[in-house]
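Q: Right, I'll just put the structure down here and ask away after.
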Amino acid sequence: MTDDDQIRLALRWSIPNITEDQLLTSTMDWNDSNKEDVELIYRDIFLWCVLTYRLAMAKIILGQMKTRICSALIASKILKSLTYYAPDHESKERLRSEANIFETYAIEFVRCSYVYNKQQTCELIIRQIKLYENITCLQMAIAGDNKKFLNEDACQALLTNIWYDKIDPIQERSRLVINLLTMGVSQL
């Protein structure tokens, strides 16, 4: 949409007390809008949709967000928490199945990313997300008890790297074998 189109729309909809000159000086470029504000709006609408059980709309908004993995894990956690307040067994099962759908979305996204680039996927899982107060996807998966997500190859590789202090486990095993055979004399 060009500036002229924006001006025509504004004048057509009769925005009060704004002249055409003011519109020319105050029009913002829609492509360079403040991306953080847009993400905050998406986050708020997404969480509202999940909390009010408008899950079809939440899935559409999730597709527009940049923090899809963490957002899907948060939706899964919210829906799992809502099962405790469900009045009957059918409602609980419906909430659990919807929670599993959001968890599966996060898993599929991580799988596709892991096939493409293993290192960046591990970084993606432990990246702090400012949108949700610097929480990581790994922390959210643990808090949400998403065992299927934690069982993914990317999460397992990440946890292995954390356990070995980001040292290659193959190299660490060979070092252990050499130290056992030389009884610790050769400290590699």
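The values are calculated or read from the model by the stated rules, or taken from the named source; none is laboratory data. All of these numbers come straight from a predicted model, not from anything done at the bench. Cβ sites come from the backbone with ideal geometry, for glycine too, and all protein chains shown count toward neighbours. Calculation scope for accessible area: heavy atoms of the full protein, side chains included, ligands and nucleic acids excluded. Shrake-Rupley method; radii C 1.70, N 1.55, O 1.52, S 1.80 Å.
Q: What number of residues in region 53-95 are under 21 Å from L124 (Cβ atoms) and charged (D, E, K, R)?
A: Here is the first cut: in region 53-95, the ones under 21 Å from L124 (Cβ atoms) are 59, 61-77.
Then drop every residue that is not charged (D, E, K, R), which leaves 59, 66, 68, 77.
Residues in region 53-95 being under 21 Å from L124 (Cβ atoms) and charged (D, E, K, R): 4 in total.
Q: Now, a different point. Would you confirm, using the coordinates I've provided, whether K66 is among the basic types (K, R) and part of a helix (DSSP H, G or I)?
A: Details: among the basic types (K, R): yes; part of a helix (DSSP H, G or I): no.
So K66 does not fit the description; no.
Q: Return the total of residues in region 51-70 being open to solvent by less than 60 Å² (accessible area, probe 1.4 Å), without any contact (Cβ under 8 Å) to a residue 40 or more places away in the chain and under 20 Å from N146 (Cα atoms).
A: Kept after step one, since they are open to solvent by less than 60 Å² (accessible area, probe 1.4 Å), are these residues of region 51-70: 52, 55, 58, 61-63, 65, 67, 69-70.
Right, trim to without any contact (Cβ under 8 Å) to a residue 40 or more places away in the chain and you get 52, 58, 61, 63, 65.
Now drop any that are not under 20 Å from N146 (Cα atoms), which leaves 58.
Matching residues across region 51-70 total 1.
Q: Out of the residues in region 112-160 that are small (G, A, S) and open to solvent by less than 40 Å² (accessible area, probe 1.4 Å), state the one that is farthest from I74 (Cα to Cα).
A: Checked region 112-160; the qualifying residue farthest from I74 (Cα to Cα) is A157.
Q: Oh, and also: Under 7 Å between Cβ atoms, at least 6 apart or on separate chains: pull out the pairs that start in region 122-133 with a residue that is within 14 Å of Q156 (Cα to Cα) and among the polar types (S, T, N, Q) and end on any residue that is open to solvent by less than 60 Å² (accessible area, probe 1.4 Å) and in a loop (DSSP other than H, G, I, E, B).
A: Between residues of region 122-133 that are within 14 Å of Q156 (Cα to Cα) and among the polar types (S, T, N, Q) and residues that are open to solvent by less than 60 Å² (accessible area, probe 1.4 Å) and in a loop (DSSP other than H, G, I, E, B), there is no close pair.
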